[in-house]
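Okay, so here's the structure we're looking at.
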Amino acid sequence: ILRPSVAELKRRVKRPDLVEAHDVTANDPDFLIYLKGISGTVPVPRHWGRKRKYLQGKRGFEKPPFQLPDFIVKTGITAIRDTLADNESSQSAKQKNRSRVAPKMGAMDVDYRTLYEAFFKHQTKPSTMTRMGDLYYEGKELETRNKIQPGAPLSPQLREALGMTSDTSPPPWLVNMQRYGPPPSYPNLKIPGLNAPLPNSECQFGYHEGGWGQPPVDNYGRPLYGGNPFAPPGESNADSIPKEGLVTSDGKTIGKARWGTLPSAFPDDGSEDED
């Protein structure tokens with residue numbers, strides 16, 4: 001069997017971002033990429049093919065001292081420890097022996113309510129924690145992490161780089177999204193001009209310069225990708241959905257009323273017997 005090239009393997013798999021240079025040497029490269037793309041799959045450590053030992057390059061790396069988290073420092077435990085250390089340094093040898101034989105208990109006690117609020121209310125998650133399935137590799141702590149927030153406002157530098165000269169300029173990828181749909185990785189992302197209203201009243205649909213294209217609709221005039229892009233600018237999708245129900249493209253009605261609400265009272269038909 002002819003061994004495929006890396007470019008050819010990337011063209012015929014669904015996850016080309018997982019293809020590595022050594023994947024083409026596998027007995028079944030396509031099946032290998034399929035296994036690597038399954039959700040929850042733990043990757044093979046990177047050092048499997050290296051000649052030097054694991055973490056050998058960190059031999060001369062100076063590890064910074066451990067620092068207590070802020071929610072523990074705010075309890076005042078560090079000030080108590082410093083005070084006790086100063087007292088011990090000023091004690092004589094006889095006093096140190098006496099405190100060692102009969103130590104005083106409760107010298108470093110902190111209020112229970114303070115400790116409870118520190119660990120159950122003010123505790124924060126460390127930013128260096130890895131996700132489920134991620135493995136540590138040499139130099140991982142030195143990498144910068146850029147938090148990606150899909151749908152967040154674009155910075156002025158990015159808008160200038162994309163050619164968006166004004167606040168009413170559409171993003172350059174809007175027309176392709178109207179043609180092919182929203183990103184598969186973010187199917188519920190609200191995109192103005194596709195499944196959400198336009199950002200302000202100065203924006204207009206159309207294919208002229210500065211126009212926001214045209215949202216795709218079905219034969220009944222309903223948007224293909226949900227939402228209500230034809231709503232007034234600035235209106236949320238929750239306000240634009242009718243309360244009596246939402247009609248899908250196949251003719252089904254999905255009720256949007258609150259579950260468990262009591263039905264309205266029946267009108268009095270006057271048939272009750274009068275005393």
In the stretch 142-188, anything of a type in the set (A, V, I, L, M), assigned to a loop (DSSP other than H, G, I, E, B) and within 20 Å of Leu198 (Cα to Cα) is listed as Ala152, Leu154, Leu162, Met164
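Tell me whether the stretch 106-113 contains one or more residues that are among the aromatic types (Phe, Trp, Tyr) and either under 22 Å from the mean Cα position of the chain (by Cα) or more than 30 Å from Pro233 (Cα to Cα) (or both).
Taking every residue of the stretch 106-113 in turn, at least one turns out to be among the aromatic types (Phe, Trp, Tyr) and either under 22 Å from the mean Cα position of the chain (by Cα) or more than 30 Å from Pro233 (Cα to Cα) (or both).
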Quick one: would you say Ser39 is in a helix (DSSP H, G or I), of a type in the set (S, T, N, Q) and without any contact (Cβ under 8 Å) to a residue 12 or more places away in the chain?
no
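Give the residue that is surrounded by the most Cβ atoms within 10 Å (Cβ to Cβ), with candidates limited to residues of the stretch 1-23 that are among the hydrophobic types (A, V, I, L, M, F, W, C) and either assigned to a helix (DSSP H, G or I) or more than 27 Å from the chain's Cα centre (by Cα) (or both).
The selected residue is Leu9.
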What tally of residues in the stretch 62-80 results from selecting those that are in a helix (DSSP H, G or I) and loosely packed, with under 12 Cβ neighbours inside 10 Å?
2
Looking only at residues in the stretch 39-61 that are at pLDDT 80 or above and more than 22 Å from Asp134 (Cβ to Cβ), which one is surrounded by the fewest Cβ atoms within 10 Å (Cβ to Cβ)?
Lys51
What pairs can you find where one residue is in the stretch 99-110 and in the same structural domain as Ser89 (by TED's automatic domain parsing) and under 19 Å from Ser89 (Cα atoms), the other is part of a loop (DSSP other than H, G, I, E, B) and at pLDDT below 75, and their Cβ atoms are less than 8 Å apart, with a gap of 6+ or different chains?
none
What number of residues within the stretch 120-153 satisfy the criterion of being modelled with pLDDT of 80 or more, more than 30 Å from Lys53 (Cβ to Cβ) and exposed (fewer than 10 other Cβ atoms within 10 Å of the Cβ)?
5
Checking Asn219 against (1) closer than 25 Å to Thr165 by Cα; (2) part of a loop (DSSP other than H, G, I, E, B), which test does it fail?
(1)
Would the stretch 82-94 turn up any residue that is part of a helix (DSSP H, G or I), in contact with an Asp or Glu (Cβ under 6 Å, 6 or more places away or on another chain) and not aliphatic (A, V, I, L, M)?
no
Of the numbered conditions (1) over 23 Å from the mean Cα position of the chain (by Cα); (2) at pLDDT 85 or above; (3) surrounded by 10 or more Cβ atoms within 10 Å (Cβ to Cβ); (4) more than 28 Å from Pro232 (Cα to Cα), Glu160 fails exactly one; give the number of that condition.
(4)
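The values are calculated or read from the model by the stated rules, or taken from the named source; none is laboratory data. Keep in mind it's a predicted model, so treat the numbers as computed, not measured. No Cβ is skipped: glycine too gets one built from the backbone with ideal geometry, and neighbour counts run over all protein chains shown.
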